[in-house]
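Take a look at the structure below.
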Amino acid sequence: MEELTERQEKILYAVIQNYLETGEPVGSRTISKYTDLNLSSATIRNEMADLEELGYIVQPHTSSGRIPSDKGYRFYVNRLMNEKDQEISDMQEMMIQKTERMEKVLKQVVKVLAANTEYATMISAPSVIRNRVKFVQLSAVDEHQILSVVVMDGNIVQNKIIRIEEPLDNETMLKLNMLLNTNLNGLTVEQINLSLIQRLKEQAGIHEDIIAQVLNTVAETIEQDGDLEIYTSGTTNIFKYPELSDSKKASELISAFEEKDALYELISDVENTGDETGTGIQVYIGDESPVATMKDCSVVTASYELGEGMKGTIGIIGPKRMDYKKVMNNLKHLKKELDRMMNNDE
């Protein structure tokens with residue numbers, strides 16, 4: 001394709017977007033209000049004439065306005081896909097860096113917490129809790145395959161190949177992308193209800209199967225967040241307390257920390273119960289614990305958030321006679337430190 005000037009690109013982009021929204025041919029007066037170029041209608045008319053000569057837009061004989069040509073749609077789609085590809089690439093690189101940094105921070109945090117309190121400690125890596133759709137991108141791989149990319153809160157990305165019987169033209173692909181993003185962006189999973197799904201399928205017409213598969217990808221993206229990472233420290237501190245150092249009790253507690261299943265159960269209860277104090281801190285004493293092997297202990301937990309719907313849990317496990325004031329002060333301080341450390345741009 002010919003190299004377009006920045007001004008021509010902006011005008012072409014505005015023509016296409018306006019036509020997609022209205023279905024009506026687009027005139028220079030509309031574009032003069034639609035762009036940030038601050039150009040006169042006459043200047044825009046000249047540029048549109050050049051774009052028409054280059055084959056990016058055409059003028060229906062019944063109107064003085066223009067509509068996109070196939071070549072114009074191709075330019076728009078390529079630009080849109082390049083922007084999204086770059087955005088996804090940047091997200092993935094950022095998340096790799098952030099994950100590596102986060103793992104190092106959380107391992108250090110749980111170690112310091114165990115040393116400060118002299119109890120057993122745990123911390124879960126933050127996971128997405130709101131599950132909002134950020135955007136959806138469909139792009140052609142070949143005549144019988146479409147790549148669906150779903151990006152959720154926390155920049156969690158899920159790719160899926162969708163098989164199609166017949167190739168889709170650029171305009172259809174564009175309309176499906178707009179249909180999905182207009183209706184799904186910013187929605188939580190709970191808000192994607194049956195009536196919305198039905199409406200999307202009706203608007204997609206013969207392409208309703210593509211919509212169904214994209215929605216399945218959204219569900220799969222949420223399910224993949226189930227592999228929760230938990231870091232622990234100070235397990236041997238259990239032996240410092242006679243009431244917990246009995247060989248059977250100590251063995252069960254150490255096993256709970258090593259196998260992690262009990263810790264997943266604890267975190268699940270923390271997330272589902274919530275706290276009545278509004279501090280984000282919960283205290284389980286003895287039989288109140290959701291974990292059978294911790295019925296002789298006290299468990300104090302705190303939730304921390306890192307923005308973009310990311311949330312994790314910190315836990316301290318010790319005897320019922322633990323120093324509750326010291327533990328809570330440590331957790332409150334740690335919540336602030338985590339927020340500062342993980343949101344620091346340095």
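The values are calculated or read from the model by the stated rules, or taken from the named source; none is laboratory data. From a predicted model like this one, the values you see are computed outputs, not experimental measurements. Methodologically, a virtual Cβ is constructed for each residue, glycine included, from the backbone with ideal geometry; neighbour enumeration extends over all protein chains shown.
Show the residue pairs meeting these rules: Cβ distance below 8 Å; 6+ apart or different chains; first residue within the range 67-89 and under 23 Å from R45 (Cα atoms); second residue at pLDDT below 75 and of a type in the set (A, V, I, L, M).
Qualifying pairs under 8 Å: K71/M1; R74/M1; F75/M1.
Considering only residues that are modelled with pLDDT of 85 or more and of a type in the set (S, T, N, Q), which ones fall in the range 221-250?
T232, S233, T235, T236, N237
With the structure loaded, tell me whether I211 is modelled with pLDDT of 80 or more, in contact with a helix residue (DSSP H, G or I) (Cβ under 8 Å, 6 or more places away or on another chain), part of a helix (DSSP H, G or I) and among the β-branched types (V, I, T) or whether it fails that test. Give the derivation first.
Values: modelled with pLDDT of 80 or more: yes; in contact with a helix residue (DSSP H, G or I) (Cβ under 8 Å, 6 or more places away or on another chain): yes; part of a helix (DSSP H, G or I): yes; among the β-branched types (V, I, T): yes.
The answer is yes for I211.
State whether the residues of the range 332-342 include one that is at pLDDT 85 or above, surrounded by 14 or more Cβ atoms within 10 Å (Cβ to Cβ) and either in a helix (DSSP H, G or I) or assigned by TED's automatic domain parsing to the domain that holds V112 (or both).
Kept after step one, since they are at pLDDT 85 or above, are these residues of the range 332-342: none.
Checked the range 332-342: no residue is at pLDDT 85 or above, surrounded by 14 or more Cβ atoms within 10 Å (Cβ to Cβ) and either in a helix (DSSP H, G or I) or assigned by TED's automatic domain parsing to the domain that holds V112 (or both).
Does the range 35-43 contain at least one residue that is among the hydroxyl-bearing types (S, T, Y) and closer than 16 Å to L174 by Cα?
no
Within the range 172-190, track down each residue that is in contact with a Lys or Arg (Cβ under 8 Å, 6 or more places away or on another chain) and in a helix (DSSP H, G or I).
Result: N183, single match.
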